[in-house]
Amino acid sequence: MITLLAIDWSSVGIQVAYLILSLSILVILHEFGHYLPAKLFGCRVEKFFLFFDPWFAIAKKKVGETVYGIGWLPLGGYVKIAGMVDESMDKEALKLPPKEWEFRSKPAWQRLIIMIGGVSVNVLVAFVLYAMILFIWGQEKLPTAQLKNGITITDSLMYQMGLKDGDNIIAVNDKPIEYFDDATKKFLVGEKVTVLRDGKQVTFSLPENLLGELVEKKRSKTPLFMPRTGVYVQFIPDSSTAKIAGLQVDDKIVMVDSVPTLFYEQYLQQITKRKGDTALLQVERKGSLVNIKAPINAEGQVGFLRYAALQDLETIGLIKLEKRTYGFFEAIPAGINLAIENLVFYVDQFKKIVSPKTGAYKGVGGFKSMGSIFPKEWGDWQTFWSITAFLSIVLAFMNLLPIPALDGGHVLFLLYEIITRRKPSDKFLEYAQIVGMIILFSLMLYANGNDWFGYGKGR
C-alpha cells in the first residue's frame, strides 16, 4: 500500500498557497521597512527582492537605480543597500572610498533607523491586522464560568501531571484564567496550575519538560483538554458501521452496555473495552430512549464524529460563547493589546525552546510546520489574517535576535558604535556576517529537517 494516496493533496496545496501568500506579504512589508528610510536618508538601494535569487531570478525589472525582482529560493527576501555589509557579501565595493549615497557614509543614528525599519513595520503590521480582525469579525471566547462540568482530559500526559476529568482550571502561575480559550497557551508555558476540584482548590507544579514531552510523543498539536460534555453525534459517514447500526445525527449516547455515560471520557472508557466486538448503546433521540447494537472496530470506534468544537457545542446549547464586537477606534487599542499578549506568549515559548532542560527544541519546525497551521479550505480569511498577524510578531522578534546577519546583529554593532564612538571595521563586519549566515542556515536546516526526519516527523 502506498500511504501517500491517503494525503489530501488539494488541502496541502491550499495550505502551501496560504503560506506563500502570508510570507510574501510579510517579507515585502519587512523589506519596505528598510527601503523607505534608506531612500529618505539618501542611500542608493540597488536591489529589492522577494525571496533570494542565487544564480538567477524568476522575474526582475530595473526601475531607476533599483532592480525589483522575485527570486526562486523562498527563504525570505532582501534589499541591497549600497555600501552595506549584508548577505550579498559584495567585498569589492567596500574596498573603494565611501560615497555619499552609501549606507556606510551615513551617521550611525540614520543607519540604526534603517536597520530597525523592518522590525518596526512588522510590529505595526501586527497591530493593524489584529485591530482589523477585531473590527471586522469581533471576538468569541468561552468564559471558564461556563464550564459547569469542568474539562475532559484528551491527552494521557495530563493525567500523569495531576489533572483529572471534571477539574476546572482557574489559574496558571497564580494568574486567573478567565477564558477557556487561553488555558492551553498559559498551560504550555506555565510553572504551576490551580484547579477547582470537588469544590476545593488544588495547586500542583507543571513539569519543566512539558512541551518537549508533547513533541516527542507527536502530540504537540492535539488538544490537551476540552469542555466536559456528553456524547452527541454530529456526523455519520454513509459507509460507516454507525450508519448501518442505526445511529442518527444529534443522538446522545447515554449508556454503553447498561453503564451510564454522562460524559465523553466515561463513554470512551466503556467503548474501548469492546474493541473488535459489539456494544449495546442506549441513545436519547428526540425525547425517547433507543437501544442500538453497534459494532466496535479494532481501534475502539463506532464510526461517527461528535460535537466537540466550541462553536458546535454552542449550536446545540451546551455552552454559550461570549461574543464581542468592536468599533473602529475601539479596535485599535484592543488590537495592540492582543498583539502584545501574543508576543509575550511567543517569548515565553522561545525561553522554553532555548532551554535544554525542557526538550522543547524538539518541536522546532520549518516550512512544513508553518504550512500545517493554515486552513485546509480556501476562503477562511479570518484564520489566515490571524496567523499572518502572529507570524509578523514572530518575524519581528526573531529578526531582533543579536545574531550577525539578522537585523538584531546589525543593531547590536550600531549601538556599540553609538556608545563607544568606535565603528567596527568592515573586515570584522564581513566575518561576523559569515558567522551569522552559517548559524542561520544551520538553524534552518535543523528546523526543516526536524519537520521531515526528526521529532516533528509526521505532525
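The values are calculated or read from the model by the stated rules, or taken from the named source; none is laboratory data. Source: prediction; values computed, not measured. Please note: Cβ atoms are built from the backbone with ideal geometry, for glycine as well, and neighbour counts cover all protein chains shown.
Contact map, the range 218-246: first residue farther than 21 Å from Asp165 by Cα, second residue modelled with pLDDT of 85 or more and of a type in the set (Ser, Thr, Tyr), Cβ cut-off under 7 Å, separation 6 or more or different chains; pairs are Gln234/Tyr307. Conditions first: (1) surrounded by fewer than 17 Cβ atoms within 10 Å (Cβ to Cβ); (2) in a helix (DSSP H, G or I); (3) of a type in the set (A, V, I, L, M, F, W, C). Leu19 passes all but one, so which condition is the exception? In the conditions (1) surrounded by fewer than 17 Cβ atoms within 10 Å (Cβ to Cβ); (2) in a helix (DSSP H, G or I); (3) of a type in the set (A, V, I, L, M, F, W, C), Leu19 misses (1) alone. In the range 174-184, of all residues being within 20 Å of Gly199 (Cα to Cα) and not β-branched (Val, Ile, Thr), the one that is nearest to the chain's Cα centre (by Cα) corresponds to Ala183. Selection of first residues in the range 165-178 that are surrounded by 14 or more Cβ atoms within 10 Å (Cβ to Cβ) and of second residues that are of a type in the set (Lys, Arg) and in a loop (DSSP other than H, G, I, E, B), restricted to Cβ pairs under 8 Å at least 6 apart or on distinct chains, gives the following pairs, ordered by first then second residue: Asp165/Arg228; Gly166/Arg228.
Quick one: is Gln266 surrounded by 14 or more Cβ atoms within 10 Å (Cβ to Cβ) and under 30 Å from the mean Cα position of the chain (by Cα)?
no
Comparison of Leu157, Leu96, Leu112 shows that the only residue that is farther than 30 Å from Leu401 by Cβ and in the same structural domain as Leu391 (by TED's automatic domain parsing) is Leu96. Evaluating Glu314 against the criteria (1) more than 12 Å from Ala245 (Cβ to Cβ); (2) free of Cβ contacts under 8 Å to residues at least 24 places away in the same chain; (3) outside any helix (DSSP H, G or I) leaves one unmet condition, (3). Considered as a group, the residues in the range 367-418 that are in contact (Cβ under 8 Å) with a residue 60 or more places away in the chain and aromatic (Phe, Trp, Tyr) include one that is surrounded by the fewest Cβ atoms within 10 Å (Cβ to Cβ), and that residue is Trp378.
All told, Ala308 falls short of being in contact (Cβ under 8 Å) with a residue 40 or more places away in the chain and either farther than 30 Å from Phe263 by Cβ or within 16 Å of the chain's Cα centre (by Cα) (or both). Among all residues of the range 297-320, there is at least one that is surrounded by fewer than 16 Cβ atoms within 10 Å (Cβ to Cβ) and under 18 Å from Leu134 (Cα atoms).
The residue of the range 127-164 that is surrounded by the fewest Cβ atoms within 10 Å (Cβ to Cβ), among those that are of a type in the set (Ser, Thr, Tyr) and within 25 Å of Gly199 (Cβ to Cβ), is Tyr159.
Filtering the range 69-87 to residues that are under 31 Å from the mean Cα position of the chain (by Cα) and either free of Cβ contacts under 8 Å to residues at least 12 places away in the same chain or part of a strand (DSSP E or B) (or both) leaves Gly69, Ile70, Gly71, Trp72, Leu73, Pro74, Leu75, Gly76, Gly77, Tyr78, Val79, Lys80. Beta carbons closer than 6 Å, at least 6 apart along the sequence or on distinct chains, pair a first residue in the range 97-120 that is among the basic types (Lys, Arg) and modelled with pLDDT under 90 with a second that is crowded, with 18+ Cβ neighbours inside 10 Å and in a loop (DSSP other than H, G, I, E, B) for Arg104/Gly83. Cβ separations smaller than 7 Å between residues 6+ apart or across chains give the following pairs from the range 39-59 residues that are touching a residue at least 60 places away in the same chain (Cβ under 8 Å) to residues that are buried (at least 20 other Cβ atoms within 10 Å of the Cβ) and in a strand (DSSP E or B): Cys43/Ile81. Among the residues in the range 210-219, are any of a type in the set (Gly, Ala, Ser), in contact with a Lys or Arg (Cβ under 6 Å, 6 or more places away or on another chain) and part of a loop (DSSP other than H, G, I, E, B)? No, the conditions are met nowhere in the range 210-219.
Looking for something closer than 30 Å to Met84 by Cβ and not assigned by TED's automatic domain parsing to the domain that holds Ile28 - is there at least one such residue anywhere in the range 349-356? Yes, because at least one residue in the range 349-356 is closer than 30 Å to Met84 by Cβ and not assigned by TED's automatic domain parsing to the domain that holds Ile28. With the requirement that a residue be surrounded by fewer than 18 Cβ atoms within 10 Å (Cβ to Cβ) and not aromatic (Phe, Trp, Tyr), what does the range 27-45 give you? Across the range 27-45, the qualifying residues are Ile28, Leu29, Leu36, Lys39, Leu40, Gly42. When each of Gly83, Gly64, Gly69, Gly76 is tested for being surrounded by 15 or more Cβ atoms within 10 Å (Cβ to Cβ), in the same structural domain as Ile403 (by TED's automatic domain parsing) and modelled with pLDDT of 85 or more, the lone residue that passes is Gly69. Residue-level analysis places Asn399 among those that are of a type in the set (S, T, N, Q), closer than 28 Å to Ala17 by Cα and at pLDDT 80 or above.
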